[in-house]
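Trainee: One structure coming up, written as structure tokens, with questions to follow.
The values are calculated or read from the model by the stated rules, or taken from the named source; none is laboratory data. Quick caveat: nothing in here was measured; it's all calculated off a predicted structure. Here Cβ is always computed from backbone atoms with ideal geometry, including for glycine, and neighbour counts include all displayed protein chains. These accessible areas exclude ligands, DNA and RNA; they are computed on the full protein's heavy atoms, side chains included. Shrake-Rupley method; radii C 1.70, N 1.55, O 1.52, S 1.80 Å.
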Amino acid sequence: MIVVIDGPAGSGKSSTAKAVAEKLDIQYLDSGALYRAATWIYNKSDQNRDKFFDTLNEVNISFKYSDAFFNVFVDGDDISSEIRSQDVNNSVSTVAAMPEVRVFINKLMHHAVSQNHYIADGRDLGTAVFPEAQLKFFMIADLEVRAQRRLKEMGETDVSLDQVRENIASRDNIDSNRDSDPLKKAPDAIEIDTTSYSFEEQVAFICEQIRPHLIATTKQ
Ligand code: CDP
């Protein structure tokens, strides 16, 4: 079974999806982390497209969700912290807009979800990657609220609220306007505006929607 949550940066998708995965004892897939891993490789390739694609095809990207943490590995090295750097934040939407990168990451994701029950979060999961998903959610929130949440999540940092807001707004713009699988609400997705919902309410609402599907698939 696959359930998806799409939405812009800082809308609360990943923290909500993780909490739902914990409560329902299912797996969590962070598609953004995989685009971040590809971006990490792009930066290591000096942002040279030829070098980047050669390396992308040579390395092994793997991931594991355990203890409420989504870890990403490149050739066995854990790069989970490095993919959250400002360097990666600044280039990820450019890399994610490359059609070849989308095909590559989509293959990785399809292979993983065929093996278990998953909740996954991203931008285009309900529209392009898993249009067959049993349930689709689309989370939104005001830009200011999203920027404040993201800054808080970053903990001790030199980055200012203005920089975070600017990065989020710029990524929203690239993600929504790219040609390949842009950020878009699927017509059959349930929209949740998290500006006024509490975190617990969001998690409880989503779990309530998923439970009957989980029981139905387990019975088959
Ligand atoms: O956590 P945050 O919302 O900041 O972003 P993320 O989920 O880590 O995703 C980082 C970037 O990857 C996004 O800004 C998109 O450019 C790209 N992405 C995408 O294109 N498609 C997805 N399914 C997930 C992420």
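Trainee: List every residue pair whose Cβ atoms lie under 6 Å apart, where the two residues are 6 or more positions apart in sequence or sit on different chains, the first residue falls within region 79-99 and is of a type in the set (S, T, N, Q), and the second residue, located anywhere, is part of a helix (DSSP H, G or I) and within 12 Å of the ligand (Cβ to nearest atom).
Mentor: Close Cβ pairs satisfying both conditions: Asn89/Asn167; Ser91/Thr39; Ser93/Arg171; Ser93/Ile174; Ser93/Asp175.
Trainee: Give the residues of region 141-150 that are open to solvent by less than 50 Å² (accessible area, probe 1.4 Å) and within 13 Å of the ligand (Cβ to nearest atom), sorted by residue number.
Mentor: Ala141, Arg146, Ala147
Trainee: Scan region 184-220 for residues that are under 16 Å from Ala133 (Cβ atoms) and either within 18 Å of the chain's Cα centre (by Cα) or aromatic (Phe, Trp, Tyr) (or both) and jot them down.
Mentor: Within region 184-220, Lys184, Lys185, Ala186, Ala189, Ile190, Glu191, Ile192, Ile206 meet the criteria.
Okay, residues lined up against (1) away from the ligand (no atom under 12 Å from the Cβ); (2) in contact with an Asp or Glu (Cβ under 6 Å, 6 or more places away or on another chain):
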| residue | (1), (2) |
| --- | --- |
| Val101 | no, no |
| Met109 | no, no |
| Val113 | yes, no |
| Thr127 | no, no |
| Phe138 | yes, yes |
| Glu153 | no, no |
| Thr157 | yes, no |
| Ser160 | yes, no |
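Trainee: Here is a list: Ser196, Ser180, Ser176. Which entry is farther than 19 Å from Ile119 by Cα and assigned to a helix (DSSP H, G or I)?
Mentor: The conditions single out Ser176.
Trainee: Could you run through region 175-203 and say how many residues are within 16 Å of Lys23 (Cβ to Cβ) and open to solvent by 50 Å² or more (accessible area, probe 1.4 Å)?
Mentor: The qualifying residues number 3.
Trainee: Across region 165-183, which residue is farthest from Gln202 (Cα to Cα) among those that are within 10 Å of the ligand (Cβ to nearest atom) and of a type in the set (A, V, I, L, M, F, W, C)?
Mentor: Among residues in region 165-183 that are within 10 Å of the ligand (Cβ to nearest atom) and of a type in the set (A, V, I, L, M, F, W, C), the one farthest from Gln202 (Cα to Cα) is Ile174.
Trainee: Take the conditions modelled with pLDDT under 95, of a type in the set (A, V, I, L, M) and closer than 22 Å to Ala21 by Cβ and apply them to Val113. Does it pass? Walk me through how you get there before you give the answer.
Mentor: Values: modelled with pLDDT under 95: yes; of a type in the set (A, V, I, L, M): yes; closer than 22 Å to Ala21 by Cβ: yes.
Criteria met by Val113.
Trainee: Quick check on Val72: is it more than 16 Å from the ligand (Cβ to nearest atom), in contact with a strand residue (DSSP E or B) (Cβ under 9 Å, 6 or more places away or on another chain) and among the hydrophobic types (A, V, I, L, M, F, W, C)? Write out each step before concluding.
Mentor: Details: more than 16 Å from the ligand (Cβ to nearest atom): no; in contact with a strand residue (DSSP E or B) (Cβ under 9 Å, 6 or more places away or on another chain): yes; among the hydrophobic types (A, V, I, L, M, F, W, C): yes.
So Val72 fails the test.
Trainee: Separate question: Testing Val74 on (1) hydrophobic (A, V, I, L, M, F, W, C); (2) on the phi > 0 side of the Ramachandran plot; (3) over 16 Å from the mean Cα position of the chain (by Cα), one condition comes back false. Which one is that?
Mentor: Failing condition for Val74: (2).
Trainee: So which residues in region 11-36 are open to solvent by 10 Å² or more (accessible area, probe 1.4 Å), of a type outside the set (A, V, I, L, M) and either within 10 Å of the ligand (Cβ to nearest atom) or not in a loop (DSSP other than H, G, I, E, B) (or both)? Even if it seems obvious, please write down each step before you answer.
Mentor: At the first step, the residues of region 11-36 found to be open to solvent by 10 Å² or more (accessible area, probe 1.4 Å) are 12-15, 18-19, 22-27, 30, 32, 35-36.
Remaining after also requiring of a type outside the set (A, V, I, L, M): 12-15, 18, 22-23, 25, 27, 30, 32, 35-36.
Gly12, Lys13, Ser14, Ser15, Lys18, Glu22, Lys23, Gln27, Asp30, Gly32, Tyr35, Arg36 - these are the residues of region 11-36 that are open to solvent by 10 Å² or more (accessible area, probe 1.4 Å), of a type outside the set (A, V, I, L, M) and either within 10 Å of the ligand (Cβ to nearest atom) or not in a loop (DSSP other than H, G, I, E, B) (or both).
Trainee: Output the residues belonging to region 48-65 that are open to solvent by 100 Å² or more (accessible area, probe 1.4 Å) and not in a helix (DSSP H, G or I).
Mentor: The answer is Lys64, and nothing else.
Trainee: Scan region 39-50 for residues that are more than 9 Å from the ligand (Cβ to nearest atom), of a type outside the set (Phe, Trp, Tyr) and under 21 Å from Asp181 (Cα atoms) and jot them down.
Mentor: If the condition is that a residue be more than 9 Å from the ligand (Cβ to nearest atom), of a type outside the set (Phe, Trp, Tyr) and under 21 Å from Asp181 (Cα atoms), then Arg49 is the only one that fits.
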